[in-house]
Amino acid sequence: MDELNDIFFSCKKNMEKIFKQLKEEIHRIRLGSKSIVSILEKIKIKCYGSTFPLIEIANITIVDNMNITILPWDRSTITHIDKAIIDSNLGFMPTNKGESIHIHLPIITEEGRKNLMKKIKLQTENAKVLIRNVRKKNNQNIRKLKISEDFSKSGENRIQKITSEYIQKIEDLFLYKEKEILRI
């Protein structure tokens, strides 16, 4: 039943894509200086007629829990770095000091934490809806196949197992992020 296996493969691939996208979105939600650095490292900087990750053109230093310094290896790239950080819309403004860029991270208040949790909850619920839509689409594809009802039912059961697996992954990710936010 190659057609059935293709449906399972497609289902898992689409659900994995949704999960990875959610993971990236949630990871971008700022908490501490270490998580900010991992986000900053990946910011793409346009310079020298090409695009580079920030980590390849500058040194990023955690001064303390609230401050980060970015020291470009070539001072001519500092305005490009400054612009890329502003354009990435991470919730803070860099300060260009000519030789380096300074980032001061604001303290997250209790209300700020609650808002972060609401945002994360909404993102996880949206991801679950997308996962269920993938399940529905694949179940419809199984029903379109000219196979026996037993094969059709077992195919739908397998799709449900895959769906449950990804819903659980999303729930685990939410709980992990919730712990992280409430711990700080």
**Item:** All positions within the stretch 147-173 that are touching a residue at least 60 places away in the same chain (Cβ under 8 Å) and surrounded by 15 or more Cβ atoms within 10 Å (Cβ to Cβ)
**Value:** Ile147, Gly155, Arg158, Ile159, Ile162, Thr163, Tyr166, Lys169, Ile170, Leu173
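Got a number for residues in the stretch 96-105 being without any contact (Cβ under 8 Å) to a residue 24 or more places away in the chain and outside any strand (DSSP E or B)? Step through it out loud before you land on a result.
Taking the stretch 96-105 first, the residues without any contact (Cβ under 8 Å) to a residue 24 or more places away in the chain are 96-98.
Checking the rest, the ones that are also outside any strand (DSSP E or B) come to 97-98.
Within the stretch 96-105, residues that are without any contact (Cβ under 8 Å) to a residue 24 or more places away in the chain and outside any strand (DSSP E or B) number 2.
Quick check on the stretch 128-146: of everything there that is open to solvent by less than 40 Å² (accessible area, probe 1.4 Å) and touching an Asp or Glu at 6+ places or on another chain (Cβ under 9 Å), which residue is modelled with the highest pLDDT? Break it down into steps so the answer makes sense when it comes.
Keep residues of the stretch 128-146 that are open to solvent by less than 40 Å² (accessible area, probe 1.4 Å), which gives 128, 131, 134, 138-139, 142, 145.
Checking which are touching an Asp or Glu at 6+ places or on another chain (Cβ under 9 Å) leaves us with 128, 138-139, 142, 145.
On the way: Lys128: 97, Asn138: 94, Asn139: 93, Ile142: 90, Leu145: 87.
Among residues in the stretch 128-146 that are open to solvent by less than 40 Å² (accessible area, probe 1.4 Å) and touching an Asp or Glu at 6+ places or on another chain (Cβ under 9 Å), the one modelled with the highest pLDDT is Lys128.
Can you pull out every residue in the stretch 127-146 that is touching a residue at least 24 places away in the same chain (Cβ under 8 Å) and either out of contact with any helix residue (DSSP H, G or I) (no Cβ under 7 Å at 6 or more places or on another chain) or assigned to a helix (DSSP H, G or I) (or both)? Let's see the steps before the verdict.
Step one: filter the stretch 127-146 for residues touching a residue at least 24 places away in the same chain (Cβ under 8 Å), giving 127-128, 130-132, 134-135, 138, 141-142, 145.
Matches in the stretch 127-146: Ala127, Lys128, Leu130, Ile131, Arg132, Val134, Arg135, Asn138, Asn141, Ile142.
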**Asked** How many residues does the stretch 92-115 contain that are over 14 Å from Leu54 (Cα atoms), surrounded by 12 or more Cβ atoms within 10 Å (Cβ to Cβ) and of a type in the set (Gly, Ala, Ser)?
**Response** 1
**Item:** Wholly within the stretch 1-95, helices (runs of 4 or more DSSP H) carrying at least 2 residues that are within 24 Å of Leu122 (Cα to Cα), among the hydrophobic types (A, V, I, L, M, F, W, C) and at pLDDT 85 or above
**Value:** 2-27
**Message:** I want to confirm something. Restricting to the stretch 96-127 and keeping residues that are β-branched (Val, Ile, Thr) and modelled with pLDDT of 90 or more, which single residue is farthest from the chain's Cα centre (by Cα)?
**Reply:** Ile101
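Within the stretch 62-84, work out how many residues are within 23 Å of Ile181 (Cα to Cα) and open to solvent by less than 60 Å² (accessible area, probe 1.4 Å). Before you say what the answer is, go through the steps one by one.
Just the residues of the stretch 62-84 that are within 23 Å of Ile181 (Cα to Cα), to begin with: 62-68.
Now drop any that are not open to solvent by less than 60 Å² (accessible area, probe 1.4 Å), which leaves 66-68.
Qualifying residue count for the region: 3.
The values are calculated or read from the model by the stated rules, or taken from the named source; none is laboratory data. From a predicted model like this one, the values you see are computed outputs, not experimental measurements. Heads up, the Cβs are rebuilt from the backbone with ideal geometry, glycines too, and the neighbour counts pull from every protein chain shown. Keep in mind that these areas ignore ligands, DNA and RNA; they rest on the heavy atoms of the full protein, side chains included. Shrake-Rupley method; radii C 1.70, N 1.55, O 1.52, S 1.80 Å.
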